[in-house]
Amino acid sequence: MTKTTMRVNEDRIVGCDLETTGLEKSGDLILEIAMVVLDNDLNELGRFSSVVPQSLHGMMTRLRMSPVVLEMHRASGLVAEVHEARSSRPGEGIAHVEDDAIEFLDEYDALCAPMLGSNVKFDRGFIEAHMPFLAQQFHYRDIDVSTVKELARRRAPEVFAGAPVKREEHRALPDIRESVEEYRYYERAGFIVPSPGGAR
């Protein structure tokens, strides 16, 4: 069965967010991944969050991570957690995190669900590049909150003006929960009208 013929999981949506060392999926790395499994009413059924053990010294030497990005991840506490994961989980790496993430989706019956997030293309691209087996567990359809935001800005400015302000914590779990809350806001404001039968 190809991706274009996969039947979408009509009962689940998976919010997903990453923190990375930069913007280039071919050269930068994933530092943290978080997912929340949602029902069609956007109730959170389960959450998954994991930092990816990496050698920060190796990353900074090889990737020349931007000082701005490095300071952002230091301020959020992510750099320290990545260091801790590297020392407390020896031998583990991104493949272990990928396996745990797939197990989580399976546990919550969320395989083949659409991915929700802000700028989903970015997160999906990194997952396809670095966690290809996890990428295969999602349906190809996306629910991109940034698209909804842009449509509201252009078509319903009064709705857009009342949207919640993001705190920009730059941590995967709080960031994806903020995206879910933003989507919920647009739904409650009437900009998105949910179908009584759920997503199709």
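If you go through segment 152-175 and keep only what is in a helix (DSSP H, G or I), within 23 Å of the chain's Cα centre (by Cα) and touching a residue at least 12 places away in the same chain (Cβ under 8 Å), you end up with 152, 172, 173, 175.
The set of residues from segment 22-49 being surrounded by fewer than 20 Cβ atoms within 10 Å (Cβ to Cβ), small (Gly, Ala, Ser) and assigned to a strand (DSSP E or B) comprises 46, 49.
I'd like the full set of residues that are assigned to a helix (DSSP H, G or I) and either under 12 Å from residue 31 (Cβ atoms) or touching a residue at least 40 places away in the same chain (Cβ under 8 Å) (or both), limited to segment 76-91. 78, 79, 80, 81, 82, 83, 85, 86, listed by residue number. Quick test of your reading of the structure: residue 26 fulfils all but one of (1) under 17 Å from the mean Cα position of the chain (by Cα); (2) in contact (Cβ under 8 Å) with a residue 12 or more places away in the chain; (3) over 13 Å from residue 171 (Cα atoms). Name the failing condition by number. Condition not satisfied by residue 26: (1). In segment 127-146, the count of residues that are in a helix (DSSP H, G or I), touching a helix residue (DSSP H, G or I) at 6+ places or on another chain (Cβ under 9 Å), under 17 Å from residue 33 (Cβ atoms) and of a type in the set (Asp, Glu) is one or more. Within segment 121-151, the set of residues being within 11 Å of residue 14 (Cα to Cα) and within 13 Å of the chain's Cα centre (by Cα) comprises 138, 142, 143.
Taking segment 107-127 as the range and being surrounded by fewer than 16 Cβ atoms within 10 Å (Cβ to Cβ) and either among the aliphatic types (A, V, I, L, M) or free of Cβ contacts under 8 Å to residues at least 24 places away in the same chain (or both) as the test, only 121 passes.
Coordinate-derived values only; no laboratory data. What you see is a predicted model; the values in this text were computed from it and never measured. Methodologically, a virtual Cβ is constructed for each residue, glycine included, from the backbone with ideal geometry; neighbour enumeration extends over all protein chains shown.
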